[in-house]
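The structure appears below as structure tokens.
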Amino acid sequence: LDYGGFLGGLLKQWPHGLAICAAFDRAVGVFRRELLPALPPLPLCGFPAHFCASINNGVCHGIPGEHILQVGDLLKMDVAVEKEGFFGDTCATLLVGDLVTAVSSTAERLSEVTREALFLGVFAAVAGHTIGDIGHAVQSHADAEGFAVITAFHGHGIGRHFHESPLVPHRGQLGHGPKLFAGEVLTIEPMLTEGRDATTVSDDGWSVITRDGAWAAQWEHTVAIQPNGPVEILTLRHGERLPKRLADASIRKLIFQAAGYSEDFAFLLEASALELVGRLEQAGSDVPVDRSEEHTSE
């Protein structure tokens, strides 16, 4: 289900200054009701809207409201679906507008590094390895790039229930935590911030924001652990490819070195990256489109 692509397209149809988050929620409600009747009924886990919309210093679980989006805003959109009795979960970070400013360039880098951290965690999610390996991959890259991992929220198992075990922290140590096994389905959903990782919940009881007001980004995929090699990404968007820097083998090597990964761990990540590229090509995505760099108005 390319619901991430749908939401990105939906955003592009609203010019900045007129884009009201509550309008998105109503539009997504129509989409769910008319096109995807099997999606989970509201409220899911008690959440009162069709998707989460968190803006700028919002971290996660933002309730869509009457906030008018402005050029340079950083919008995190988190959507869940239920299909044939199984749940899926994904999140993307979108930069509003098409003007390059000091603020937007900083926000764009935060988003790009967060998406890289997601895929590094995906590379590490290999049967026989551990939950701690995923966290180590994410944390080390964030630290090397000067961003903080928000530790109050985790990925999780997902299946017939939206939240299942195990928890998937985005900080960790190699070889620590439960072992990953084939057939296991998880979300990997790092949240990074340019400030401190402390968060608080807003007065609405749901919206999580950074305490210091620093901006945050989140990217998320639902993945299935395979018997051999890297995961299958169940929420892969149409035409999605690796983040630009991770798609270049020579830059990948520099990223692995900067993160301080051990030689063996870097070898594992590289093998996963190569196989994932191969799978995209086999699926007919010889020159896939990277939507992570799209802005929300043309």
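For GluC sites (Glu not before Pro), the sites in segment 56-143 that DSSP calls loop and that have at most 10 other Cβ atoms within 10 Å are Glu66, Glu84.
The alpha carbon convex hull volume per residue for segment 48-143 rounds to 132 Å³.
Residues whose amide H comes within less than 5 Å of that of Thr199, counting only those at least five positions distant or on another chain, are Arg211 (H built at 1.01 Å from N in the peptide plane).
Gain on full extension, evaluated as 0.36 nm per residue between Ala247 and Leu274 minus their Cα-Cα distance, stands at 8.8 nm.
The mean of 1/r over all distinct Cα pairs in segment 108-256, once inverted, gives the Kirkwood hydrodynamic radius of 15.6 Å.
Only protein atoms count toward the accessible area here, which uses a 1.4 Å probe; on segment 139-240, the carbon and sulfur part of that area reaches 50 percent. For Glu184, the solvent-accessible surface computed with a 1.4 Å probe is close to 20 Å², ligands and nucleic acids excluded. Per residue, segment 141-259 exposes 47 Å² of accessible surface when a 1.4 Å probe is rolled over the protein heavy atoms with every protein chain present.
Its residues counted as N, segment 199-251 yields a C-alpha radius of gyration over 2.2 N^0.38 Å of 1.71. Remark: spin-label model distance Ala144-Asp204 equals 3.7 nm, labels positioned 7 Å along the Cα→Cβ axis. Residues within the reach of a label modelled at Gln226 (point 7 angstrom out along Cα to beta-carbon, backbone nitrogen below 16 Å), restricted to segment 142-185, are 181-185. Rounded to the nearest whole Hz, the Karplus-based 3J(HN,Hα) values (6.51 cos²θ - 1.76 cosθ + 1.60, θ = phi - 60°) of segment 115-125 follow the sequence 5, 4, 4, 4, 6, 5, x, 4, 4, 7, 7, with x at glycine and proline. Applying the criteria of a DSSP loop state and at most 12 other Cβ atoms within 10 Å to the trypsin sites (Lys or Arg not before Pro) of segment 105-184 yields Arg160. Computed over the Cα atoms of segment 180-281, pair by distinct pair, the Kirkwood hydrodynamic radius stands at 16.2 angstrom.
The values are calculated or read from the model by the stated rules, or taken from the named source; none is laboratory data. Computed from a predicted structure; not experimentally measured. Quick reminder, even Gly has a Cβ in these numbers, built from the backbone with ideal geometry, and neighbours come from all protein chains shown. The protein model used for the area step is the full one, side chains on, heavy atoms only, and it has no ligands, DNA or RNA in it. Shrake-Rupley method; radii C 1.70, N 1.55, O 1.52, S 1.80 Å.
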